[in-house]
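K.L.:
My structure is below; once you've seen it, I'll send some questions.
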Amino acid sequence: MPTLFVVIPVFEEPDTLEPCVRRAIAAPLPTGWSRRLLLVDDASSRATADVADRLAREFGGDRTLELLRHPANRGKGAALRTGFDHALATAGDADAVLTQDGDLEYDPADWAALLDSLPPGSLSAVIGDRWAHPHEGGLWRRLHTLVNRSLTALSNLVTGLQVNDMECGSKLLRVPVLRAIRPWLSEDRFGVEPQMVAALSRVHAQVAQAPVTYDPRDRRRGKKIGPLDGLRAVWVILRERLRRTPPRSRR
């Protein structure tokens, strides 16, 4: 039976972490799949850490959920690498690894559709598409969409892939392709998103897409990505095009 390893990076999410985990455990999966949640607490303060501890006690007995911790805050990319390495230590080639933010902007109910869209080859992945569904919103929402579409267009131009939402936080990878791209991942913060897509292109992965539900937050509700991260994404996209060897190993 293949296992879906779900890596959930979390930093200061005391209100959304528990509902996220409970929905993740209840989310339907295609027949034959099991799940393991890898919760990576990126040195959150006590409020979030207490929630994570409680969830680990409740769901850790049968290894449905494993809690990993950073002693100091390092960023989303570093938390993903920690989860990836933990999954790869035990996963088999038939398994898959999915990224899921702990803030509930993405709905675990979409996991089944992501798995159903996964191409059969070992070097394959699925990137979620937030823009497949119509969205409404104010100025901030329109600006956010414009920036993301612009970054995706630049990424497509550089990588040769044709995806609709390079920055999407729902990325599903078969274990063999994750093993292939892992040495190329070094970004500690949100630059990991374009870096993962560049790495998929580098190993000639077969990349599919699937619509995902998206409920964005603004800064007042805890949104952590900012304008400097957008500039960093541009730098990462261009730098990865020129890179010829993997960066120095980063845990």
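K.L.:
Report the charge-dipole magnitude of the chain in Debye, nearest 20, computed about the Cα centre from +1 at each Lys and Arg Cβ and -1 at each Asp and Glu Cβ. Show your work: numbers first, answer last.
P.N.:
On the way: 36 positive and 31 negative charges, 196 e Å.
Dipole about the Cα centre, nearest 20: 940 debye.
K.L.:
Just need the relative contact order of the chain here, percent rounded to a whole number, with Cα pairs under 8 Å and 6+ apart.
P.N.:
Dividing the mean separation by the residue count of the chain yields 23 percent.
K.L.:
Taking Rh as the Kirkwood radius, which is the inverse of the mean 1/r over Cα pairs, what is the Rg/Rh value for the chain?
P.N.:
0.93
K.L.:
Order 62-72, 203-213 from most to least packed using the mean count of other Cβ atoms within 10 Å.
P.N.:
Descending packing order for the listed peptides: 203-213, 62-72.
K.L.:
Considering all alpha-carbon pairs of the stretch 53-143, what whole percent are spaced by more than 23 angstrom?
P.N.:
Distances greater than 23 Å cover 41 percent of the Cα pairs.
K.L.:
How big is the gap, in Å, between the Cα center of the stretch 201-216 and the Cα center of the stretch 179-198?
P.N.:
About 14 Å separates the Cα centre of the stretch 201-216 from the one of the stretch 179-198.
K.L.:
Check which residues have an amide H placed less than 5 Å from residue 36's amide H, if you skip close sequence neighbours.
P.N.:
Those lying under 5 Å, H to H, from residue 36 are 4, 5, 6.
K.L.:
Of 96, 55, 78, whose Cα points farthest to the positive end of the dipole of the chain (charges on the beta-carbon: +1 Lys, Arg; -1 Asp, Glu; origin at the Cα centre)?
P.N.:
Of 96, 55, 78, it is 78.
K.L.:
Kindly provide the helix-only [θ] at 222 nm of the chain, computed as the sum of -39,500 (n - 2.57) over DSSP H runs of four or more divided by all residues, to the nearest 500 deg cm²/dmol?
P.N.:
On the way: 8 runs with 98 residues, N = 251.
So the calculated ellipticity at 222 nm is -12000 deg cm²/dmol.
K.L.:
With point charges of +1 on the Cβ of Lys and Arg and -1 on the Cβ of Asp and Glu, referenced to the Cα centre of the chain, which listed residue (113, 68, 213) lies farthest in the positive direction of the dipole?
P.N.:
68
K.L.:
Ignoring solvent entirely, what values of log10 I(q)/I(0) come out of the Debye formula for the stretch 146-221 at 0.12, 0.13, 0.25, 0.27 Å⁻¹ when each Cα is a single scatterer?
P.N.:
Debye curve over Cα of the stretch 146-221, log10 I(q)/I(0) at q = 0.12, 0.13, 0.25, 0.27 Å⁻¹: -0.35, -0.41, -1.36, -1.50.
K.L.:
Let me ask something additional. Nearest 5 percent is fine: what portion of the DSSP beta bridges confined to the stretch 3-242 is antiparallel?
P.N.:
25
Read-outs throughout are calculated quantities, based only on the coordinates presented, and are distinct from any laboratory measurement. As the structure is a prediction and not an experimental result, all values here were calculated from the model. Quick reminder, even Gly has a Cβ in these numbers, built from the backbone with ideal geometry, and neighbours come from all protein chains shown.
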